[in-house]
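Asks: Attaching a single structure in structure tokens format; questions to follow.
Throughout, read-outs are computed from the coordinates displayed, never taken from laboratory work. Treat the numbers as computed from the prediction; the structure is a model and nothing was measured. Here the Cβ positions follow ideal geometry from the backbone for every residue, glycine too, while neighbour counts run over all protein chains shown.
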Amino acid sequence: MKIKQTPLKDCYIIEPTIFEDERGYFFEKFNEQKFEELTGMNGHFVQDNISKSSYGVLRGLHLQKGKYAQAKLVSCLEGKVWDVAVDLREDSPTFGKWFGVELTPENKLQLYVPRGFGHGFSVISETAVFAYKCDNFYNKESEGSVKFNDSDLGIDWKLDENDMILSEKDQNAPLFSEKNF
């Protein structure tokens with residue numbers, strides 16, 4: 001397993017070591033001990049989630065606040081997504097910056113999104129199945145969000161805005177300047 005630091009502090013791309021032969025392939029998707037050794041971050045996860053979406057669906061930017069803050073380890077099991085993390089930690093040197101990466105079953109990449117970050121993804125294939133591990137349990141009262149198309153962030157979602165399919169909650173999310181995080 002290779003861990004690559006993204007331009008955002010504490011946000012990592014995890015690239016597995018793949019063993020292939022005529023039968024197919026094998027790889028270790030995650031190893032808590034290796035992750036903690038290589039990053040110094042907690043790699044203990046307590047909840048797994050899966051979503052399936054069609055082309056144009058944009059989910060985000062979401063986060064959990066306070067004692068229910070969550071770090072996430074995300075991957076794409078089917079299709080293709082453009083995954084985005086935004087550093088919302090006011091004391092961070094990368095506060096207000098975003099990073100995006102294409103996740104597919106073919107590249108087998110995962111993105112580690114630490115606590116205090118906003119997270120979202122857009123589906124850029126016909127359909128996609130998206131998986132994420134969380135290091136804390138979900139709590140509805142601790143939800144936070146930031147407007148997906150906030151000009152202060154300038155995120156490129158790899159979709160034409162006319163093709164985007166959004167929930168009402170995401171359409172009405174507060175702006176970055178409103179600090180709902």
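Asks: Of the residues in the stretch 67-77, how many are assigned to a helix (DSSP H, G or I) and crowded, with 23+ Cβ neighbours inside 10 Å?
Replies: Of the residues in the stretch 67-77, 0 are assigned to a helix (DSSP H, G or I) and crowded, with 23+ Cβ neighbours inside 10 Å.
Asks: For TYR25, which of the numbered conditions (1) in contact with a strand residue (DSSP E or B) (Cβ under 6 Å, 6 or more places away or on another chain); (2) touching a residue at least 12 places away in the same chain (Cβ under 8 Å) fails to hold?
Replies: (2)
Asks: So ARG59 fits all but one of (1) in contact with a Cys (Cβ under 9 Å, 6 or more places away or on another chain); (2) surrounded by 16 or more Cβ atoms within 10 Å (Cβ to Cβ); what number is the exception?
Replies: Single failed check for ARG59: (1).
Asks: What number of residues in the stretch 86-100 are more than 21 Å from ILE165 (Cβ to Cβ) and either part of a strand (DSSP E or B) or touching a His at 6+ places or on another chain (Cβ under 6 Å) (or both)?
Replies: Number satisfying all stated conditions: 2.
Asks: When residues of the stretch 138-151 are filtered for being assigned to a loop (DSSP other than H, G, I, E, B) and loosely packed, with under 11 Cβ neighbours inside 10 Å, how many remain?
Replies: 1
Asks: Looking only at residues that are crowded, with 19+ Cβ neighbours inside 10 Å and not charged (D, E, K, R) in the stretch 154-177, which one is nearest to LEU88 (Cα to Cα)?
Replies: My answer is PHE176.
Asks: Would you point out the residue of the stretch 1-52, among those that are in a loop (DSSP other than H, G, I, E, B) and aromatic (Phe, Trp, Tyr), that is farthest from VAL81 (Cα to Cα)? Don't jump to the end; show me each part of the working.
Replies: Filtering the stretch 1-52 down to residues in a loop (DSSP other than H, G, I, E, B) leaves 1, 6-11, 16-17, 22-23, 28-31, 40-46.
Next, from what is left, pick out any that are aromatic (Phe, Trp, Tyr): 30, 45.
On the way: PHE30: 20, PHE45: 22 Å.
Checking each candidate, the answer is PHE45.
Asks: Look through LYS9, LYS80 and report the one residue that is touching a residue at least 40 places away in the same chain (Cβ under 8 Å), buried (at least 18 other Cβ atoms within 10 Å of the Cβ) and either of a type in the set (S, T, N, Q) or under 30 Å from SER151 (Cα atoms) (or both).
Replies: Criteria check complete, one pass: LYS80.
Asks: Take SER122 and decide whether it is among the small types (Gly, Ala, Ser), buried (at least 18 other Cβ atoms within 10 Å of the Cβ) and either part of a strand (DSSP E or B) or without any contact (Cβ under 8 Å) to a residue 40 or more places away in the chain (or both). So that I can check it myself, show each step before the final result.
Replies: Numbers: among the small types (Gly, Ala, Ser): yes; buried (at least 18 other Cβ atoms within 10 Å of the Cβ): yes; either part of a strand (DSSP E or B) or without any contact (Cβ under 8 Å) to a residue 40 or more places away in the chain (or both): yes.
It is true that SER122 is among the small types (Gly, Ala, Ser), buried (at least 18 other Cβ atoms within 10 Å of the Cβ) and either part of a strand (DSSP E or B) or without any contact (Cβ under 8 Å) to a residue 40 or more places away in the chain (or both).
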